[in-house]
Amino acid sequence: MPASPRKAFKVRRGNSHLTCYPWTHPTTRKELWRYAWRESVGKPWRYVTEATKANIEASAHEKLEQLEAGGLVWSGLAGDEQRFLEAVHRQTTPADWPAVLDFLKARKRSSDIVGAVARFMDWKTEAAGEETPHLARVRGVLEEMSTAFTGRDVAEIHAPDLLEWWRGRGEGKSPKRRKDIRSALVTFWSWARREGIAGADPITPAERIPSVQVDHGERRVLTIDEMERLFAAVDPKFRVWAVLGAFAGLRPEEIAPPTKGSSKKKRKRGLHIEEIDWTFGVIRVPAVVSKVNTPRVVPFNDALRAGLAWANIEPGMTGPVCLLNPVEEGETMRLGKAVFKTGWPQDALRHSYGSYRNAVVRSLPKVAEEMGTSVTMLNRHYHNPKAEEEGHQWFALRPKCSDFVPMKRRSKAVKPIEATG
């Protein structure tokens, strides 16, 4: 007697039902049973297949019970989703659940561009220990960008959007400034990708912004005549600043750090006179003074020794070598007009030391060590090759100021002048 034909049937629960129907596997031709289900309207259909009518009926009853209860349909989750939730269950107790949910909600909120920028800046500032002048500039760029995209998640800001904003922001700016803006965006989006809030594209929208080539040009190095005119014009209060920059290669902020606004670094101070080692003929720059937080030793030369004497810096003195910041006091602006006519040449004293020092010693690694930088940075920012004779002429310089009125010598410890304003 032939077998009864297989027929579809419905499994009901409340106002819901699932239709179970016979199904033949397209490859094996095996006769099976199947039903389709979805969590709600608009969600994709999913399928359950069983070998027997009894199994498919039992599965359909269980599925309807889960759907009627609402919430998560566990059996409908993919294997990796189930394993993740099982891992969370193993690692937590009921007491942990509110904290975990709060964390996930906060993380989702932080994917909003404004919140993400705030979280990124908090992270960078904490890592640095303070908001440095560089971080203040980065914050300005990122907060302006986030304001332009308020209400959007980081992953919703695509390359064309960001490129258009960058072009508008950089319009009329120098190549160096446009490059700095791009660098701030790239750094932020790289962090966002690590945080898992930047989308799945391995190349971030910021990285798709075209690179900006900056023509460094010839580094500004002072001539002998310019340095002699600077000697004659500099205010006596800032003589040691000029000497240490030109003949020891110290950074301006290592000699007389800023004291005002966002330019000030909280954990840094300027060089102290007692850190000039007259016995061994070196300047011992400590980490608290060094911009790169690494101590270094700068050897004396005849020009440095004579210049320190001219600036009234002598053995036995203590306290800051320079009590005031020349930029904040308007000295660099005044010298830019009086000596150079076109404005103060930024970092020219340090550039000059690097170039003329290497002309004498012919060793970029040695000069880089003395200046607290790398050979790469020395080539990129400071090195303007000079002949050996030019180097000897530079370090043979001596002040020739006929109107020099000696400053009152500091024979005891000197307290820094408190900044005002």
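The values are calculated or read from the model by the stated rules, or taken from the named source; none is laboratory data. None of the values given here were measured: they were computed from a predicted structure. Here the Cβ positions follow ideal geometry from the backbone for every residue, glycine too, while neighbour counts run over all protein chains shown. We work out accessible area using only protein heavy atoms, side chains counted, and drop any ligands, DNA or RNA first. Shrake-Rupley method; radii C 1.70, N 1.55, O 1.52, S 1.80 Å.
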Dimensionless Rg over Rh [the chain; C-alpha; Kirkwood]: 1.26
Within the chain: Cβ-based charge dipole about Cα centre, in debye rounded to nearest 20 (Lys, Arg +1; Asp, Glu -1): 480
Folded to 0 to 90 degrees: helix 113-128 orientation relative to the chain principal axis, Cα: 50
Relative contact order (percent, whole number), segment 108-204, Cα cutoff 8 Å, 6+ residue spacing: 32
Rounded tilt (10° steps) of 159-170 against the dominant C-alpha axis of the chain: 20
Solvent exposure ordering (accessible area, 1.4 Å, most first) of 282, 361: 361, 282
Cα gyration tensor category, rounded, prolate or oblate, for segment 261-384 with a/c compared to 1.5: rounded
Cα gyration tensor category, rounded, prolate or oblate, for segment 85-231 with a/c compared to 1.5: prolate
Amide H contacts under 5 Å for residue 327, placed H, 5+ residues apart: 332
For residue 256, distant residues with modelled amide H under 5 Å away: none
Cα-Cα over 32 Å, subset of 179/337; 260/337; 173/400; 341/366; 179/268; 237/291: 173/400; 341/366
³J(HN,Hα) computed for each position of segment 309-317 - Karplus, 6.51 cos²θ - 1.76 cosθ + 1.60, integer Hz, glycine/proline x: 5, 4, 8, 6, 9, 10, x, x, 7
Whole-number D in µm²/s for segment 266-332 (Stokes-Einstein; Kirkwood sum over Cα pairs; 10 °C, 1.306 mPa s): 122
Farthest toward positive dipole pole in the chain [+1 Lys/Arg, -1 Asp/Glu at C-beta], among 372, 120, 392: 120
For the chain: relative contact order, % (alpha-carbon pairs under 8 angstrom, 6 or more apart): 12
